[in-house]
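Engineer: The following block contains the structure, expressed as structure tokens.
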Amino acid sequence: MAKNKTVESRRPLIAGNWKMNNTISESMRLVNNLTGKVKAAKDRDIVVCAPATALAVVTTALKGKNIQVGAQNIHWEKSGAYTGEISAPMLTELGVKYAIVGHSERRQYFGETCATVNARARAALFAGITPIICVGESLEKREKGSYKLVITGQVKRAMADIKKSDAAKCVIAYEPVWAIGTGKTATFEQAEEVCAHIRGVLTKLYDAKTADAVRILYGGSVKPETIDGLMVKPNVDGALVGGAALKSDDFARIVNFVTPEA
Ligand code: PEP
């Protein structure tokens with residue numbers, strides 16, 4: 001199994017998912033608080049995924065800063081009769097660099113399927129936006145012990161028809177559903193086991209070099225107290241952070257993680 005965090009494309013990535021939180025004024029307050037607290041670190045990427053209504057002001061406020069902006073969704077068509085959706089050209093015009101696709105909340109509440117996750121990821125790649133593809137098993141599958149099978153299927157279907165050069169640009173977030181917003185975090189070992197498994201799936205789908213280039217994040221109740229231990233794990237390249245991303249002190253501490261190598 002490839003374990004090489006020194007690959008340039010695997011710069012650590014910490015992404016905050018604000019979900020359906022923060023009006024424009026609240027977003028600006030959070031961004032202003034964050035910029036003062038986040039170190040100007042050259043060795044890591046920092047992203048905030050704001051709600052659609054705040055993307056314009058947040059991208060403007062963060063221009064030239066060390067925090068990039070992500071969307072929480074992206075449609076596969078460039079335009080058309082898709083009420084409520086947001087397209088890649090709309091996002092690129094704003095300067096949005098990342099888009100979350102296939103978050104478990106979208107799979108659970110909005111009918112997102114592996115096929116639509118794949119279509120959204122491909123549209124993002126085509127537009128030069130980095131997809132953060134979320135995969136993760138339910139508590140039931142975890143307890144039954146079939147979680148790796150679930151993850152294998154989700155990764156394979158998300159990556160369908162994505163060529164090697166594009167695959168290397170993807171970010172995959174392992175987010176066990178039972179750990180999202182529950183305060184129940186996976187142990188470092190559980191996170192590492194599945195992130196390593198995902199890299200193994202990518203190795204079989206593509207090759208070791210491609211798999212080694214992909215950033216794999218852990219997400220699920222990540223907190224300031226857990227980030228340092230998580231980032232030590234060889235196959236964990238960062239974190240997708242929900243609740244803690246809404247508090248500037250907590251998110252800044254997560255972003256400013258320290259590892260023995262740092
Ligand atoms: C998420 O929404 O992607 C997430 C990981 O949420 P939380 O950190 O709140 O569990």
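Engineer: Could you check, for the stretch 184-203, whether at least one of its residues is within 14 Å of the ligand (Cβ to nearest atom) and open to solvent by 10 Å² or more (accessible area, probe 1.4 Å)?
Structural biologist: yes
Engineer: Give the residue that is farthest from the ligand (Cβ to nearest atom), with candidates limited to residues of the stretch 204-232 that are basic (Lys, Arg) and either under 17 Å from the mean Cα position of the chain (by Cα) or under 12 Å from residue 172 (Cα atoms) (or both).
Structural biologist: Residue satisfying both the conditions and the ranking: 215.
Engineer: Further question on the same structure: Can you name the residue in the stretch 211-231 that is open to solvent by 10 Å² or more (accessible area, probe 1.4 Å) and of a type in the set (Ser, Thr, Tyr) and is also nearest to residue 137 (Cα to Cα) among such residues?
Structural biologist: Here the residue is 221.
Engineer: Six or more apart or on different chains, Cβ atoms under 8 Å: show the pairs whose first residue is in the stretch 58-85 and under 15 Å from residue 130 (Cβ atoms) and whose second is among the acidic types (Asp, Glu).
Structural biologist: Within 8 Å, the pairs are 68/45; 73/85.
Engineer: Would you point out the residue of the stretch 162-180, among those that are assigned to a loop (DSSP other than H, G, I, E, B) and over 15 Å from the mean Cα position of the chain (by Cα), that is nearest to residue 124 (Cα to Cα)?
Structural biologist: 162
Engineer: Additional query: Which one is farthest from the ligand (Cβ to nearest atom) among residues in the stretch 234-245 that are over 14 Å from residue 180 (Cβ atoms) and either of a type outside the set (D, E, K, R) or surrounded by fewer than 20 Cβ atoms within 10 Å (Cβ to Cβ) (or both)?
Structural biologist: Among residues in the stretch 234-245 that are over 14 Å from residue 180 (Cβ atoms) and either of a type outside the set (D, E, K, R) or surrounded by fewer than 20 Cβ atoms within 10 Å (Cβ to Cβ) (or both), the one farthest from the ligand (Cβ to nearest atom) is 234.
Engineer: Just checking, does the stretch 241-258 include any residue being within 15 Å of residue 173 (Cβ to Cβ) and either in contact with a His (Cβ under 9 Å, 6 or more places away or on another chain) or in a loop (DSSP other than H, G, I, E, B) (or both)?
Structural biologist: For the stretch 241-258, residues within 15 Å of residue 173 (Cβ to Cβ) and either in contact with a His (Cβ under 9 Å, 6 or more places away or on another chain) or in a loop (DSSP other than H, G, I, E, B) (or both): present.
Engineer: Let me ask something additional. Please determine, by comparing only the residues of the stretch 149-161 that are open to solvent by 70 Å² or more (accessible area, probe 1.4 Å) and under 19 Å from the mean Cα position of the chain (by Cα), which one is nearest to residue 122 (Cα to Cα).
Structural biologist: 157
The values are calculated or read from the model by the stated rules, or taken from the named source; none is laboratory data. The shown structure was predicted, so the numbers you read here are calculated from the model rather than taken from an experiment. We place every Cβ from the backbone using ideal geometry, glycine too, and count neighbours over all the protein chains shown. Please note that ligands, DNA and RNA were not included when accessible areas were found on the heavy atoms of the full protein model with its side chains. Shrake-Rupley method; radii C 1.70, N 1.55, O 1.52, S 1.80 Å.
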